[in-house]
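*Asks:* I have a structure here, written as structure tokens, and I will follow up with some questions on it.
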Amino acid sequence: QVQLVESGGGLVQPGGSLRLSCAASGSSSSPDKMGWYRQAPGKQRELVATFTSGGITIYADSVKGRFTISRDNARITVYLQMTSLKPEDTAVYYCNALYSGIHYWGNGTLVTVSS
């Protein structure tokens, strides 16, 4: 059973930075896709950034230039470096991985941007 464990959330002031991590375990193969989604209170879950099966990165327009996704293939870990954080970035951030057509989700980590 694939498991995704996120870490790195917390409270940060506007303009600050945070780095999220997500480690995958439970599979002998690498995921086809792996990335980050977020869900703000009262809103639908949305894509933040992800690696596609071809290794291409995709970002939501709202985070381009501020967030950077990276990965460690050996450890099957993805990271999300978030800079210039805004109050509207406040959300629960979820790690997502696609293995053989099945989406797996982490439990989420809360990011709160507030002064």
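The values are calculated or read from the model by the stated rules, or taken from the named source; none is laboratory data. Quick caveat, the model's predicted, so the values are computed rather than measured. All accessible areas refer to the heavy atoms of the entire protein, side chains included, with ligands and DNA or RNA removed. Shrake-Rupley method; radii C 1.70, N 1.55, O 1.52, S 1.80 Å.
*Asks:* At 1.4 Å probe size, what's the solvent-accessible area of Leu47? Round to the nearest 10 Å².
*Replies:* Number for this one is 50 Å².
*Asks:* At 1.4 Å probe size, what's the solvent-accessible area of Glu46? Round to the nearest 10 Å².
*Replies:* Per-residue accessible area (Glu46): approximately 80 Å².
*Asks:* Could you state the accessible area per residue of the chain in Å², with a 1.4 Å probe and every protein chain left in place?
*Replies:* 54 Å²
*Asks:* Dividing the alpha-carbon radius of gyration of segment 49-115 by 2.2 N^0.38 Å (N being the number of residues), what value is obtained?
*Replies:* On the way: Rg = 12.9 Å, N = 67, 2.2 N^0.38 = 10.9 Å.
Normalised Rg, Cα atoms only: 1.19.
*Asks:* Principal axis lengths of the chain from Cα atoms, whole Å, largest first?
*Replies:* Computed over the chain, the largest-to-smallest principal extents equal 43, 24, 24 Å.
*Asks:* Please turn the phi angles of segment 57-73 into ³J(HN,Hα) values with the Karplus equation 6.51 cos²θ - 1.76 cosθ + 1.60 (θ = phi - 60°), one per residue in order, whole Hz, x for glycine and proline.
*Replies:* Karplus values, whole Hz, x for Gly and Pro: 9, 10, 10, 5, 4, 5, 10, 4, x, 10, 10, 9, 9, 9, 8, 10, 5.
*Asks:* Would you mind checking which residues have amide H under 5 Å from Val48's amide H? H placed 1.01 Å from N; only 5 or more apart, or other chain.
*Replies:* Amide H to amide H, under 5 Å and 5 or more residues apart or across chains, Val48 pairs with Trp36, Tyr37, Arg38.
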